[in-house]
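Everything on this sheet refers to the single structure shown next.
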Amino acid sequence: MSVQSVRHYWALFVGTFVALALGVALVGVSASALAATWAVPPVAASGMASVTPTDQAGGSHTVTTGQADLGGVQSVLAMGGVVSGFVTVFVVAGTCAFGIALRRRDMGLLRLVGAGGPQVRRMVLGESFVVAVPAAALGCVLAAVATPATVRALNGTGLSPVVLEVARLTTAVYPNTAGRA
């Protein structure tokens with residue numbers, strides 16, 4: 001019944017589909033670019049001068065000469081992913097609520113002919129599932145396609161002190177498994 005409802009009211013679900021697909025793509029690109037910063041190999045610190053600045057809260061970070069400080073790039077990418085995630089959640093929730101509000105009369109008729117509240121909720125959740133699964137899959141594909149171009153663009157800005165390369169997530173998180181994949 002949910003699939004038929006999505007087919008019948010397809011125009012209401014287009015906004016939800018597009019918002020979710022683009023949101024998943026933005027979060028995916030941010031995560032993949034962040035993984036590219038994690039894949040930068042550290043420079044051996046032996047015999048190099050190092051400085052350990054402390055902030056007002058007492059935190060410290062040791063910077064070795066020749067070591068790339070990617071903290072700024074990582075902060076920007078993490079913030080972009082978090083903001084994209086929050087915007088996606090709120091836009092998708094808004095478009096779903098708008099679609100439900102426009103179909104208030106139809107849902108009232110379903111209740112009138114004997115559908116209970118849980119049945120109507122299951123129908124709405126089913127419609128959301130029918131729209132969300134293909135949208136999330138499309139967003140993942142878009143992220144995989146857009147990540148190399150995004151990392152090249154990030155390298156062109158001069159924000160990163162080193163040239164970043166797109167890395168598989170397993171090699172970025174688990175560096176010792178690079179040769180075993």
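The values are calculated or read from the model by the stated rules, or taken from the named source; none is laboratory data. The model shown is predicted, which means the values in this text are computed figures rather than measured ones. Here Cβ is always computed from backbone atoms with ideal geometry, including for glycine, and neighbour counts include all displayed protein chains. For the accessible areas, the whole protein counts, side chains as well, though only heavy atoms, and no ligand, DNA or RNA atoms are used. Shrake-Rupley method; radii C 1.70, N 1.55, O 1.52, S 1.80 Å.
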*Give me the distance in nm between label points sitting 7 Å out from Cα along the Cα-to-Cβ direction at Cys140 and Ala101, one decimal.*
3.3
*Carbon and sulfur: what percent of region 92-164's accessible surface (1.4 Å probe)?*
72
*Label-point separation (nm) for His8 and Phe90, each offset 7 Å from Cα along Cα-to-Cβ?*
3.3
*If you bin the C-alpha pair distances of region 101-162 every 10 Å from 0, what whole percents do you get?*
18, 26, 18, 15, 13, 9, 2
*Rg(Cα)/(2.2 N^0.38 Å) for region 75-122, N = residue count*: 1.77
